[in-house]
Amino acid sequence: MSIFGTVYNEILFKPLFNALVFLAGRVPFKDLGIAVIILTIVVRFVIFPFTHKSIKTQAKMREVEPELRKIREETNGKQEEQARRTMELYKKHGVSPFSGCLLLLVQLPILIALYQLFIKDIAANVSFLYPFMPFPEQIRYMFLNLIDMTTASVSLAVLAAFSQFIQMRLAMPPKVTEQKSENKSFQNDFTKMFSSQALYIFPVVILVISMQFPSAVALYWTTSNVFASVHEWMVRRRSKIYERRSQTKSAGGLGIRS
């Protein structure tokens, strides 16, 4: 095994697998599905600082979008000036456009490890158990006594696809789907088209993948999407409350001066 594979197994896969085994032996009814949900939520909380920063950055990017359009119109294709003014705008509003790359670098290996963890029967990876971690004498593979975690489930696959659509819909800037851009450049039209298509294509991809693998994969995707959607909604709600308070204070200040 390569050094990369050894590091990957020791730092990511083995800890996650042992955590799943630990949870499977202690959750109510020894339900593997419940263990998958809890482990997914725990992992989401571990990477929460990165996802929270990324969502806040996306919210700020949506706020400065009108100013970005204005810059594109005023520079009229002058790439150097447009880049300079754009970076100045980001700096002014405390926006880091590269935070998404950091999130991807942190999250992608964890997502791959979780995917590989759920794609096989838990008993197939017993060689990765720590010496002090006993394998549960009994594990219930029927999630809530309804869905077998070791086989594909159409209902969970549909739920995973639908939750992915909702999550992407919440994360997508309203301007892409609801408003017409004033700047009719090819780049903007292509971005709008790509974002709109991805909103429907990616959930279909998730549906197809989920129908090919054990339902634990679909349950993981669904749980992760629900967590991300709630997180996105909370950040947006707090942002709107903050914006209303700021507008109220500004209006009050103007009233005092007049």
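The values are calculated or read from the model by the stated rules, or taken from the named source; none is laboratory data. These numbers come from a predicted model, not from an experiment. Positions of Cβ are generated from backbone atoms using ideal geometry, with glycine treated the same way; all protein chains shown enter the neighbour counts. In case anyone asks, the SASA skips ligands and DNA or RNA and just uses the protein heavy atoms, side chains included. Shrake-Rupley method; radii C 1.70, N 1.55, O 1.52, S 1.80 Å.
Considering all C-alpha pairs of segment 1-78, those separated by over 21 Å amount to 59%.
With r defined as the distance between the Cβ atoms of ILE3 and MET87 and R0 fixed at 25 Å, what FRET efficiency is calculated, to the nearest 0.05? The formula returns an efficiency of 0.10 here. Per residue, the accessible area of segment 10-73 comes to 47 Å² when a 1.4 Å probe rolls over the protein heavy atoms. With coordinates expressed along the principal axes, the C-alpha atoms belonging to segment 1-147 extend over 69, 39, 21 Å, beginning with the largest. Compared with the alpha-carbon gap, the fully stretched path from GLU80 to THR248 is longer by 56.7 nm at 0.36 nm per residue.
In terms of distances greater than 27 angstrom between alpha carbons, the cross-link table entries LYS70/LYS240; LYS53/LYS91; LYS56/LYS92; LYS30/LYS53; LYS91/LYS240 yield LYS30/LYS53.
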